[in-house]
Amino acid sequence: MGKSLMIVDDSATMRKIIMRTVRMSGLEFDRTEEAGNGVEALEKLKGGVVDIILCDINMPEMCGTDLVKRVRQIPDCNGTKIIMVSTESSQELIDSVIADGANGFICKPFTPEKFQEKLSPFMN
Amino acid sequence: MTISQTEIQSHVIELSTEASGTFCEDISGMFGIDLGCQHQEVCFETAAKLSKKYKKLAVVISVKASGILDGTFHIVFDKEGLFTLAGIIVMQPEQKIIDNRKRGSIEQARDLNDAFGEAGNLLVGSWDRIFRENMESHGHFVQSGTFVGDPWENSQKTIGVASDEDFFFIPCQMTIGAYPAFNYGIIFPKTLFEKKAEPDSVSLAPKEEAPVEEKPIPQAAAVVQKEPEADVIPKAVVPDSVVESQLPKMETEAVLNAAAPIAMSIPETIQKMVNSSANLPGGNNTIPLPVCARDVMQTDVLWVSSDDSVQQALTKMQQSRSGYLMVGTDGKLEGIVSLSDLNAAVSVYLRPMFAKWRRPLDDATLQIKLKWIMSRLVNTSMPETPLVEIIEKMFRFNCLCLPVVDQQGKFYGIITAFDIFESLMNPNSSSIL
């Protein structure tokens, strides 16, 4: 069965860049979703859970760290892997979001190889 | 260690160049297109003068800095840069980018605002990373705004300076793929350096390095420390700067004095110390001593090119807090340069206290190439050279540092007098144990 992906970022341009980079990495998803912030992402998850969420941190309405905490409270999303994508890369921040329940962290700027490395463990 | 306002400016300019290069590498990796940038000489500019070069359509990315730099600086791209960079980010077709570069309007530019936001985000990310890695007192850079339009008309609002007010400007040219080069530049308002960087009042030293007097000194050592140190190492051969950078090791030096009575001839003392076990104050007696260069040498050294300038070397030394730099390429050592060599090369009028008398010729001394001032490889040591021979050589040739190379000229590391002292006093830290 194919995998599903959700990209959560308030910038439509960045969602487009991430989508393109994921494709360039050679990873294939049967279903892809986009959301502009945490609130929108939670709404879309009600319609159907996804396998992987790629999530920005600084977003209006609901930031990425809050989204991680909320998703971890949804029983249906137990198996959902959340990878944070951000230009902020301090160790404190990484440790904090991992402690909140994120499964990985990709620093911007990213490359297709970086997506391959971080996402492929969750593809099987 | 304190650093003056001038040194901070110089360091910031150096890191800005590096950060721009990193941004190009980051974008190259992300979008699979070649980017390159070339910096021109830093100058003073005004918004009025830049308006002629950058015309009425430009994008300004504002960056809020905290830490040693306190305030906002700006990165400006001309019209060609604006449409090329944004076009690459939103993946516009090549022809569209070329058309926009020629005929793009302010409305079309504003449609790309989101792309500039992302470009700014990535730009600030690259800059923040470089400054975080290379500047101890750096706080944080955050993108504080993006302006598309004519930034010069109301420059006080867009870049925070009046139209006739001087600011530091680093002009650069950037190329993306096969598109013609475009202009961009970095605007540093003078106020950015003023709030925290009072002359000789800013410390870039890592917090963990406590002043030497705070370290507990063993009683025996403290007493002997009053003896003149010049008897152990001739004062004339100890560069002030090196002594300063080795201050935490004074305790070690004092203990060495205690173990080697001054009345004894130096070679004999050394022979005794190196060929026997140490009887150290404090009760931890009879520790075997290191025996050859390989055991005490430093292998983690910094390299510079012989064509690098004194300014570049000083910056590198400042960042690493190292007293010596290896000069050469691809691991092939051509010479060695010490902090005292660099201090001797630059004009004394560059010191803040003489700023009033500073002339352009004094600044020019910062551009002297290292190949003219470095010490060539006359005295070296082999990895297996016994410690006693190294010490004797140091005394004979009045040098405090010897590169360690083998017969084929392969470089292994350096050994300084302080490394020897430290290994004699702290044999547990030596690699032979």
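Against the empirical curve 2.2 N^0.38 Å, the C-alpha radius of gyration of the stretch B:102-178 lands at a ratio of 1.33. Between amide H atoms placed 1.01 Å from N, distances below 5 Å from residue B:72 occur with B:65, all of them 5 or more places distant or on a separate chain. Taking GluC sites (Glu not before Pro) across the stretch B:342-433, the ones in a DSSP loop with at most 13 further Cβ atoms lying within 10 angstrom of their Cβ are B:384.
Let's see if you can work this out: charge +1 on each Lys and Arg Cβ, -1 on each Asp and Glu Cβ, no other charges. What is the dipole magnitude of the stretch B:2-203 about its Cα centre, in debye to the nearest 20? Mind showing how you got there, number by number?
Values: 18 positive and 28 negative charges, 141 e Å.
Magnitude of the dipole: close to 680 debye.
Computed from backbone phi, the HN-Hα couplings of the stretch B:174-182 come to 10, 10, 10, x, 9, 6, x, 5, 9 Hz, rounded to whole numbers (Karplus: 6.51 cos²θ - 1.76 cosθ + 1.60, θ = phi - 60°; Gly and Pro given as x). Overall form of the stretch B:16-84: oblate. Here a/c, set by the Cα gyration tensor axes a ≥ b ≥ c, is 1.5 or more, and a/b is not larger than b/c.
Counting only residues at least eight positions apart within a chain, or on another chain, the aspartates and glutamates with an alpha carbon under 16 Å from that of residue A:108 are A:9, A:10, A:56, A:88, A:117, B:25, B:26, B:118, B:128. If R0 is 60 Å, what FRET efficiency do you get for residue B:37 and residue B:382 from their C-beta distance, rounded to 0.05? That gives a FRET efficiency of 0.85. Per-residue extension of 0.36 nm, minus the Cα-Cα distance of residue B:133 and residue B:368, leaves a gain of 81.9 nm for this segment. Remark: the residue B:164-residue B:329 segment gains 54.9 nm on full extension, using 0.36 nm per residue and subtracting the alpha carbon distance. Annotation: amide H of residue A:81 within the under-5 Å range of A:52, A:53, sequence separation 5 or more or interchain, hydrogens built in the peptide plane.
Which shape class, rounded, prolate or oblate, goes with the stretch B:368-415 when its Cα gyration tensor gives a ≥ b ≥ c as root eigenvalues, a/c under 1.5 marks rounded, and past that a/b bigger than b/c marks prolate?
On the way: a/c = 2.76, a/b = 1.38, b/c = 1.99.
Since a/c reaches 1.5 but b/c is at least a/b, the shape of the stretch B:368-415 is classed as oblate.
Legend: residue pairs B:79/B:157; B:332/B:371; A:3/A:44; B:55/B:102; B:53/B:190, Cα-Cα distance threshold 18 Å; pairs beyond threshold, B:79/B:157; B:53/B:190.
Taken as entire DSSP H runs, the helices of chain A that both span 15 Å or more between Cα atoms along their own long axis and average -1.0 or more on the Kyte-Doolittle scale are A:12-24. Note on the stretch B:301-433: with charges restricted to the Cβ of Lys and Arg (+1) and Asp and Glu (-1), its dipole about the Cα centre is near 580 debye.
Kirkwood hydrodynamic radius computed over the stretch A:4-122 comes to 14.0 Å, based on all pairs of distinct alpha carbons.
Size descriptor for the stretch B:2-203, Kirkwood hydrodynamic radius: 17.1 Å (Cα pairs only, one decimal).
Please rank B:372, B:152, fewest neighbouring Cβ atoms within 10 Å first, as an exposure proxy.
Values: B:372 9, B:152 23.
By the 10 Å Cβ count, ascending: B:372, B:152.
Please rank B:349, B:179, fewest neighbouring Cβ atoms within 10 Å first, as an exposure proxy.
The order, fewest Cβ neighbours first, is B:349, B:179.
No lab work stands behind these numbers, since they all come straight from the coordinates. What you see is a predicted model; the values in this text were computed from it and never measured. Here the Cβ is made from the backbone with ideal geometry for all residues, glycine too, and neighbour counts use every protein chain on show.
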